[in-house]
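Trainee: Quick one: this structure, given as structure tokens, is what I'll be asking you about.
The values are calculated or read from the model by the stated rules, or taken from the named source; none is laboratory data. These figures come from a predicted structure and were not determined experimentally. Here Cβ is always computed from backbone atoms with ideal geometry, including for glycine, and neighbour counts include all displayed protein chains.
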């Protein structure tokens, strides 16, 4: 089958691996541009470009360079808006893996949201993309039970693996017409916004469960932190014990990581 894969973030790579293992290698990969990264702002290639070169799959880094006739577009963690004109180019349209049980948690932070809200389940949804955000009809959906101790890091991996497995089942059936897109119940839609750095701040006397959820949800960014004497203190290790939020390690602004007990005893700030 002649299909194009759009992806730029690390979560795209497990999906590409799973597609290749099941004989579904893209005709073309559309990656994000190379960009400065890290403290030294070194020019860094997106993970999907590295994967494409390693696996000898053609790639481009600008949608304007897209030419040809294709059966299907597949979008996974691409991170860019795709115009309606491009979405409608392939014969079968464009499909996407969204890491939530749509119509719940439309928007840019659907993996963080169930952790913050204490949900008992989440999942992945494969939709046919239209011009509205996470709005298109559903092709397939798979649920994932939550234990209540997931961090955003391990939940991302679980959902990436689940989405990849669902995709390799869905593509062949969709291509031959066995799957009919089902309209979402738009009256049940909920939305999540882009996370701001300030949302990582906690008060040590806030609700312990909410602080625990924030710590797990913001592991990657913006981290969880509090202020002492005007200085930011990042919480690097914590747990929930006897319904109390217990901080184990911290990283004070401009200092090295240390045990929280030592930080409390010290006169760093």
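Trainee: Filter segment 237-269 down to the residues that are in contact with a helix residue (DSSP H, G or I) (Cβ under 9 Å, 6 or more places away or on another chain) and closer than 30 Å to residue 114 by Cβ and list them by number.
Mentor: Passing the criteria: 237, 238, 239, 240, 243, 244, 245, 246, 247, 248, 249, 250.
Trainee: Condition first: more than 21 Å from residue 75 (Cβ to Cβ) and free of Cβ contacts under 8 Å to residues at least 12 places away in the same chain. Now tell me which residues in segment 179-197 satisfy that.
Mentor: 187
Trainee: Can you say whether residue 57 is farther than 15 Å from residue 82 by Cα, touching a helix residue (DSSP H, G or I) at 6+ places or on another chain (Cβ under 6 Å) and surrounded by fewer than 21 Cβ atoms within 10 Å (Cβ to Cβ), as far as the supplied structure shows?
Mentor: Judged against the criteria, residue 57 is not a match.
Trainee: Right, another one. Restricting attention to strands (runs of 3 or more DSSP E) lying wholly within segment 29-87, give those where 2 or more residues are touching a strand residue (DSSP E or B) at 6+ places or on another chain (Cβ under 8 Å) and more than 20 Å from residue 160 (Cα to Cα).
Mentor: In segment 29-87, 35-37, 42-44 are the strands (runs of 3 or more DSSP E) which contain 2 or more residues that are touching a strand residue (DSSP E or B) at 6+ places or on another chain (Cβ under 8 Å) and more than 20 Å from residue 160 (Cα to Cα).
Trainee: Give me the pairs: first residue in segment 58-81 and in the same structural domain as residue 127 (by TED's automatic domain parsing), second residue modelled with pLDDT under 90 and crowded, with 16+ Cβ neighbours inside 10 Å, beta-carbon distance under 6 Å, and six or more apart or on different chains, which are they?
Mentor: 77/9; 77/11; 78/8; 79/8; 79/9
Trainee: Taking residue 163, is it assigned to a loop (DSSP other than H, G, I, E, B) and assigned by TED's automatic domain parsing to the domain that holds residue 113?
Mentor: Here the answer is no, as residue 163 does not meet what is asked.
Trainee: Which members of segment 1-27 meet the condition of being in a loop (DSSP other than H, G, I, E, B) and either touching a helix residue (DSSP H, G or I) at 6+ places or on another chain (Cβ under 9 Å) or on the phi > 0 side of the Ramachandran plot (or both)?
Mentor: Within segment 1-27, 1, 7, 8, 9, 10, 11, 22, 23, 24, 25, 26 meet the criteria.
Trainee: Check off (1) surrounded by fewer than 17 Cβ atoms within 10 Å (Cβ to Cβ); (2) part of a strand (DSSP E or B) for residue 144 and give me the number that stays unchecked.
Mentor: (1)
Trainee: Where in segment 185-269 are there strands (runs of 3 or more DSSP E), lying fully within it, with 1 or more residues that are within 22 Å of the chain's Cα centre (by Cα)?
Mentor: Correct list: 224-228, 231-241.
Trainee: Residue 30: at pLDDT below 95, surrounded by 13 or more Cβ atoms within 10 Å (Cβ to Cβ), touching a helix residue (DSSP H, G or I) at 6+ places or on another chain (Cβ under 9 Å) and not assigned by TED's automatic domain parsing to the domain that holds residue 221, yes or no?
Mentor: It is false that residue 30 is at pLDDT below 95, surrounded by 13 or more Cβ atoms within 10 Å (Cβ to Cβ), touching a helix residue (DSSP H, G or I) at 6+ places or on another chain (Cβ under 9 Å) and not assigned by TED's automatic domain parsing to the domain that holds residue 221.
Trainee: Mind checking which residues of segment 91-107 are in contact (Cβ under 8 Å) with a residue 24 or more places away in the chain and either surrounded by fewer than 16 Cβ atoms within 10 Å (Cβ to Cβ) or over 22 Å from residue 46 (Cβ atoms) (or both)?
Mentor: Those that are in contact (Cβ under 8 Å) with a residue 24 or more places away in the chain and either surrounded by fewer than 16 Cβ atoms within 10 Å (Cβ to Cβ) or over 22 Å from residue 46 (Cβ atoms) (or both): 92, 93, 100, 101, 102, 103, 104, 105, 106, 107.
Trainee: Then there is this: Which of the residues belonging to segment 132-141 are under 16 Å from residue 190 (Cβ atoms) and surrounded by fewer than 19 Cβ atoms within 10 Å (Cβ to Cβ)?
Mentor: Passing the criteria: 132, 133, 135, 141.
Trainee: What are the residues in segment 144-161 that are within 16 Å of the chain's Cα centre (by Cα) and farther than 19 Å from residue 220 by Cα, if any?
Mentor: Answer for segment 144-161, where residues must be within 16 Å of the chain's Cα centre (by Cα) and farther than 19 Å from residue 220 by Cα: just 144.
Trainee: Follow-up question, since we're still on this one. Among the residues that make up segment 162-169, is at least one of them more than 18 Å from the chain's Cα centre (by Cα) and touching a residue at least 12 places away in the same chain (Cβ under 8 Å)?
Mentor: Yes, segment 162-169 has at least one match.
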